[in-house]
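Please read the structure below before turning to the comments.
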Amino acid sequence: MAELVKCSHLQKKYGSKEALTDVSVTIGSGKIIGLLGPNGSGKTTLIKVLNGLLQPTQGEVLICGNKPGIDSKAKVSYLPDKMYFADWMKVKDLMEFFEDFYQDFDRRKAEEMCQTLGISMNDKMKKLSKGNKEKVQLILVMSRKAELYLLDEPIAGVDPAARDFILDTILNNYNENGTVVISTHLIADIEKILDEVIFIQKGKILVHEQVDNLREEKGKSIDSLFREMFKADVYGGGQ
């Protein structure tokens, strides 16, 4: 298994608050991995460190053997947890933006997926529903032939039908030689497509294991195991 991501003793502090604590994890190629934890567990911070948007306070991250930078950005396709496109932009403007910035962007694939949804290239983002905005953003990210896809809460706040579309889009369009890391706290919806899971709580990694091995060892679903491990946070609204 090729070593795609290697994190060694990562720490990230915001002032006195420690968002990541001694995180060491290795991620291989050709996987769909769930980064699972309650709200406030450090998922977004870890994804931003992997993407080079945040610098760790201590420790090291390597993507394909290199520290995050220009080289890694060409290999990483990132979906943030918030919309970042301007409302005045048309869908075709976004296509041109991605085509200019990413050599691995397949514009034809992106346009075909938008056409399937009935989204026109001339539609302005501000005219689209929240669900369709998120779908367009996902389509752009998944139309790259990247080595690492970092998807931060792609199914949060959307209806079940939209979740099905999002999961199908991820499953059918990622580069199969690459790896998808999906951050979420909505386990039941996503468990069926996962190869591995990483459980994170209060900035610490508790578990990193293959899904089938965990199910066999524990005799329960990943969703049930998650609820059991994070009961106080899931039901108490831990941040």
Tabulated pairs, segment 142-161, first surrounded by fewer than 21 Cβ atoms within 10 Å (Cβ to Cβ), second polar (S, T, N, Q) and assigned to a loop (DSSP other than H, G, I, E, B), C-beta under 6 angstrom, 6+ apart or interchain: Lys145/Asn175
Top-ranked residue of segment 73-96 - restricted to ones that are aromatic (Phe, Trp, Tyr) and closer than 23 Å to Glu153 by Cα, ranked as modelled with the highest pLDDT: Tyr78
Matching residues in segment 175-191 - criterion: being under 16 Å from the mean Cα position of the chain (by Cα) and not hydrophobic (A, V, I, L, M, F, W, C): Asn175, Glu176, Gly178, Thr179, Ser183, Thr184, His185, Asp189, Glu191
Residue list for segment 174-197, restricted to those being open to solvent by 30 Å² or more (accessible area, probe 1.4 Å), over 19 Å from Leu50 (Cβ atoms) and in contact (Cβ under 8 Å) with a residue 40 or more places away in the chain: Glu176
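The values are calculated or read from the model by the stated rules, or taken from the named source; none is laboratory data. No experiment lies behind these values; they were computed from the predicted model shown. We place every Cβ from the backbone using ideal geometry, glycine too, and count neighbours over all the protein chains shown. Just the protein is used for accessible areas: all its heavy atoms, side chains included, with ligands, DNA and RNA removed. Shrake-Rupley method; radii C 1.70, N 1.55, O 1.52, S 1.80 Å.
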